[in-house]
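Below: one structure, written as structure tokens.
The values are calculated or read from the model by the stated rules, or taken from the named source; none is laboratory data. Treat the numbers as computed from the prediction; the structure is a model and nothing was measured. Quick reminder, even Gly has a Cβ in these numbers, built from the backbone with ideal geometry, and neighbours come from all protein chains shown.
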Amino acid sequence: MLDRLKAPEGSKKKPKRVGRGEASGWGRCAGRGEKGQRSRSGGGTKAGFEGGQMPLQRRLPKRGFTNKFRTAYSVLNVVSLAGKFKKGDTVDIDALVEKGLIKKKNKNKMLVKVLGNGDIGVPLTVRANRFTKSARAKIEAAGGKAEEI
């Protein structure tokens with residue numbers, strides 16, 4: 001009964017009201033201790049601050065390079081298609097997401113590349129953005145079609 005719903009006992013706790021006089025037990029310094037950076041309003045340090053010591057992220061050497069224009073593909077082997085689809089099925093991105101073979105990302109930017117690891121054995125029409133030469137050969141050898149989108 002929705003009109004009788006109530007939060008469980010002890011789950012709703014009033015916030016601690018600090019700085020409301022000595023009698024409250026949280027007066028004067030309001031639980032922040034005496035002087036120092038943490039006692040002031042706006043006090044504290046940023047994440048990774050080591051008290052003036054050279055921080056870890058600056059002590060470690062920089063390595064490598066990240067290409068921000070890289071094209072990222074969801075990769076898939078032909079062997080994983082054989083067990084999930086029946087003879088003559090059409091395999092596209094929607095079907096792959098539905099069967100759980102690839103993770104769903106932004107649908108407009110989703111790219112799939114089929115790799116040639118394993119054997120397929122079932123004739124399928126596979127629609128993907130890219131195929132390796134071996135994947136295309138194995139799909140066609142099984143009697144299927146490899147169509148690039």
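Tabulated results
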| read-out | value |
| --- | --- |
| Residue in the range 14-26 that is among the hydroxyl-bearing types (S, T, Y), assigned to a loop (DSSP other than H, G, I, E, B) and out of contact with any His (no Cβ under 8 Å at 6 or more places or on another chain) present | no |
| One residue from V97, V126, V75 being more than 30 Å from G48 (Cα to Cα), aliphatic (A, V, I, L, M) and in contact with a Ser or Thr (Cβ under 9 Å, 6 or more places away or on another chain) | V126 |
| Exclusive hit being of a type outside the set (D, E) and at pLDDT 90 or above, set G83, G19, G88 | G19 |
| Single match in A30, A72, A47 (criterion: surrounded by 10 or more Cβ atoms within 10 Å (Cβ to Cβ) and more than 30 Å from T132 (Cα to Cα)) | A30 |
| Selection within the range 119-144 - under 16 Å from T90 (Cβ atoms) and of a type in the set (D, E) | E140 |
| Residue selected from the range 103-120 under the condition crowded, with 16+ Cβ neighbours inside 10 Å and closer than 11 Å to S80 by Cα, by the criterion modelled with the lowest pLDDT | I120 |
| G88, sole failed condition from (1) in a loop (DSSP other than H, G, I, E, B); (2) in contact (Cβ under 8 Å) with a residue 12 or more places away in the chain; (3) more than 20 Å from I149 (Cα to Cα) | (3) |
| Hits in the range 33-44 - residues which are assigned to a loop (DSSP other than H, G, I, E, B), basic (K, R) and surrounded by 10 or more Cβ atoms within 10 Å (Cβ to Cβ) | R40 |
